[in-house]
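Coordinate-derived values only; no laboratory data. All values derive from a computational prediction rather than experimental measurement. Every residue, glycine among them, receives a Cβ derived from its backbone with ideal geometry; neighbour counts consider all protein chains shown.
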Amino acid sequence: MNPLGVSFCGSRLRNPTVLASGILGITFNQLKRAEDGGAGAVTTKSIGPEERVGNRNPTCVALQHGMLNAMGLPSPGYEAMDDEWRQLKKMKVPVFASIYGASVEDFRRVAAYVAEKKPALIELNVSCPNTAEHGQVFGFEPSVAASVVETVKEVSGRVPVSVKLTPNTYKIVAVARACEEAGADAICAINTVAGMAINIEARKPVLSFKKGGYSGPAIKPIAIRCVYDIYEAVKIPILGVGGVTTGRDAIEMMQAGATAVGIGSGVYYRGPNVFGLVAEEMRCWMHANGVASAKSLIGAAHD
Amino acid sequence: MIDFPRMVKVAGTKKDGGIAVLSLAERFPAQPGQFAMLWLPGKGEKPYSFLSENEFGIAPVGEFSNALASLKKGDSVGVRGPYGKGFVIKGRRILLIGGGCGIVPLAFLAKEAKEKGISVTSIAGAKTAKSLSLRSPLASCGSVSCCTDDGSAGRKGFVTNALQDALLLKKYDCVYACGPEKMLRLVAEICAKKNVPCQISMERMMKCGLGICGQCDLDGLLVCRDGPVFEGRELLKKPSFGRSRLAPSGKVTAI
């Protein structure tokens with residue numbers, strides 16, 4: 001038996017690491033690279049209702065303890081991606097499809113199309129902080145997030161639906177619970193933390209969008225706390241994301257309650273092979289600490 | 001790791017054929033072929049090849065590059081970098097082939113190679129005589145031949161024809177190329193046929209420059225982090241090389 005194997009919404013993962021949405025996930029070849037780098041599953045960059053170029057550069061910088069980005073949800077639009085979908089059939093690991101919209105109706109339209117491509121899971125991005133009209137505006141209020149989930153569940157068929165939540169609300173646990181009640185099959189937590197950086201010599205915000213989403217090592221404690229609280233509030237599995245760059249980080253995330261662990265900024269810190277490195281570090285730790293299976297780590301820190 | 005633009009003073013700009021040479025008041029530990037992201041607050045941020053440790057070559061083609069090209073001494077520009085993998089100098093006799101502003105990283109390479117005592121031959125191509133750039137710095141490193149689309153300087157026609165002739169006349173240890181991607185694909189094919197190693201500096205639209213956003217995708221290779229310099233043979237395995245790239249939305253677009 002593979003000690004690192006976990007099951008997430010019916011998908012078998014060879015290890016708990018998952019390429020988080022927004023990193024490298026524009027094309028099949030990039031997702032393949034994450035697979036080759038050892039990922040247990042991969043998530044596409046969020047797919048939108050129409051073509052969108054995103055924000056102007058600068059869109060991403062790395063600060064002392066984390067990264068700040070405001071890509072602004074660039075997407076070719078769901079109808080322009082048939083070639084990629086065809087190629088995605090060649091992937092050996094499960095593919096999670098992230099989607100976004102500017103209205104509940106957008107989510108329905110994109111989800112209906114994407115569901116036909118039979119991804120392993122549809123992830124609803126109701127948490128991106130980097131555009132005015134998409135993303136986290138759907139994730140602040142439990143009732144709004146629930147309405148997106150209900151609508152998507154009407155068209156998603158057998159494809160499980162996960163909801164990626166924003167930490168930029170004190171209601172994250174209530175949002176998670178409302179999504180579960182609305183029929184969500186999993187929770188993904190967390191998206192980036194709203195942040196900003198100013199170049200003091202230029203006297204200007206460094207990102208052209210001015211504000212951005214903060215990720216990387218600095219946000220790990222925030223993510224751990226959110227996952228811990230959500231685990232106590234819902235029964236559906238959690239994909240824990242936020243600042244995971246090492247095997248120890250991944251184990252901490254699982255002990256907080258995550259069934260699988262997303263890695264995004266870690267690709268910057270350790271390269272596209274970060275997934276295999278993290279998995280190997282987990283295996284070593286488990287061996288040294290007498291842990292026979294990664295599954296037994298899930299929620300281990302709870303009383 | 002910190003990748004944050006630092007404001008650096010401009011020492012001056014000067015025109016050289018089709019490009020503007022932007023000189024900064026500070027030197028960077030850059031290798032030929034590496035690039036930096038240059039930022040003008042409120043205007044944008046784009047990747048540019050180093051021409052030397054403190055210079056960039058800018059082709060003024062749009063709003064942003066024109067703003068860069070018209071900076072004055074004492075102005076500031078945000079710089080993050082050097083980024084990417086540069087050229088590796090191989091052998092005793094090398095051939096450089098540049099199209100348009102692709103000549104910029106090659107002029108930097110020519111200088112470094114000459115200092116190492118390597119024989120440098122260059123082929124520079126441009127649309128017209130007026131847009132040929134960096135001829136004199138290249139000439140100070142070795143022989144230079146020119147090609148223009150209209151024949152107003154040097155030979156009329158493409159640099160790839162000149163490359164084929166050059167490879168017939170002499171044996172080179174390595175060919176180095178930078179320019180429009182269709183030209184680069186031809187260069188790689190010609191070198192593969194002649195069994196001459198070649199290193200190619202690629203240009204793709206970039207956003208993060210840090211190897212995570214995927215904008216500069218080349219069939220799974222990231223031009224910003226895995227490149228911008230690649231072995232020609234590696235590139236020829238990539239179906240999109242010289243044929244398609246990603247638009248800012250991520251949509252696959254023909255070149």
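With K and R counted +1 and D and E -1, the other residues having a Cβ less than 11 Å from that of B:Arg93 yield a net charge of +3.
May I ask for the net charge around B:Arg27, where only other residues with Cβ less than 10 Å from the Cβ of B:Arg27 are counted and Lys, Arg are +1 while Asp, Glu are -1? Every neighbour counted, the sum reads -3. Note on the protein assembly as shown: antiparallel DSSP beta bridges, both residues inside, total approximately 50 percent of the bridges counted. Kirkwood hydrodynamic radius, chain A, all distinct C-alpha pairs: what's the number in Å? Result for chain A, one decimal place: 18.8 Å.
Distance from the C-alpha centroid of segment B:92-135 to that of segment A:191-234: 45 Å, rounded to the whole angstrom. FRET efficiency for the A:Ala233 to B:Glu63 pair, using the beta carbon distance and R₀ = 51 Å, is estimated at 0.50. In this structure, the amide hydrogen of A:Thr17, modeled 1.01 Å from its nitrogen in the peptide plane, lies closer than 5 angstrom to those of A:Gly40, A:Val261, counting only residues at least 5 positions away or on a different chain. When the GluC sites (Glu not before Pro) in segment A:4-59 are filtered for DSSP coil states and for at most 16 other beta-carbon atoms within 10 Å of their beta-carbon, the remaining sites are A:Glu50.
The per residue volume of the convex hull around the alpha-carbon atoms of segment B:49-124 is 108 Å³. Subtracting the Cα-Cα distance of A:Arg158 and A:Lys204 from 0.36 nm times their residue separation leaves 11.8 nm of extension gain. In order along segment A:232-244, phi translates into HN-Hα couplings of 6, 9, 10, 9, 6, x, 10, 9, x, 10, x, x, 7 Hz, rounded to whole numbers, per the Karplus curve 6.51 cos²θ - 1.76 cosθ + 1.60 with θ = phi - 60° and x for Gly and Pro.
Counting charges near A:Pro49 (Lys, Arg +1; Asp, Glu -1) among other residues having Cβ under 12 Å from its Cβ returns a value of -3.
Restricting to chain A, what percent of DSSP beta bridges are antiparallel, rounded to 5?
Numbers: 16 of 42 bridges.
Here the share of antiparallel DSSP bridges comes out near 40 percent.
Expressed per residue, the C-alpha convex hull volume of segment B:101-255 stands at 118 Å³.
Sequence-ordered 3J(HN,Hα) estimates for segment B:219-224 from the Karplus curve with 6.51, -1.76 and 1.60 and θ = phi - 60° stand at 6, x, 7, 9, 4, 5 Hz, glycine and proline given as x. Go ahead and estimate [θ] at 222 nm for chain B from helices alone: -39,500 (n - 2.57) per DSSP H run with n ≥ 4, summed, over the residue count, rounded to 500. The per-residue figure over chain B is -6000 deg cm²/dmol. A Gaussian network model of chain B, with springs between Cα atoms under 10 Å, assigns the largest mean-square fluctuation among B:Ile190, B:Ile118, B:Ile212 to B:Ile212. Stretched out straight at 0.36 nm per residue, the stretch from B:Lys90 to B:Asp173 would grow longer than its current Cα-Cα span by 29.2 nm. Rounded to the nearest 0.05, the FRET efficiency derived from the C-beta distance between A:His65 and A:Lys211 at R0 = 22 Å is 0.80. Of the trypsin sites (Lys or Arg not before Pro) in segment A:139-171, which ones lie in a loop per DSSP and count no more than 12 other C-beta atoms within 10 Å? Those satisfying the criteria are A:Arg158.
Taking amide hydrogens as placed 1.01 Å from N in the peptide plane, the amide H of B:Gly12 sits under 5 Å from those of B:Ser23, each at least 5 positions away in sequence or on another chain. Among A:Ala258, A:Ala41, A:Ala288, the largest mean-square fluctuation in a Gaussian network model of chain A, built with springs joining Cα atoms closer than 10 Å, belongs to A:Ala288. The trypsin sites (Lys or Arg not before Pro) of segment B:163-248 meeting both criteria, a DSSP state outside H, G, I, E and B (loop) and at most 12 other C-beta atoms within 10 angstrom of the site's C-beta, are B:Lys170, B:Lys171, B:Lys237. Summarising the overall dimensions of segment B:13-83 from its C-alpha atoms, the Rg and Dmax are 11.0, 29 angstrom. Global dimensions of the protein assembly as shown from alpha-carbon coordinates: Rg and Dmax equal 25.1, 81 Å.
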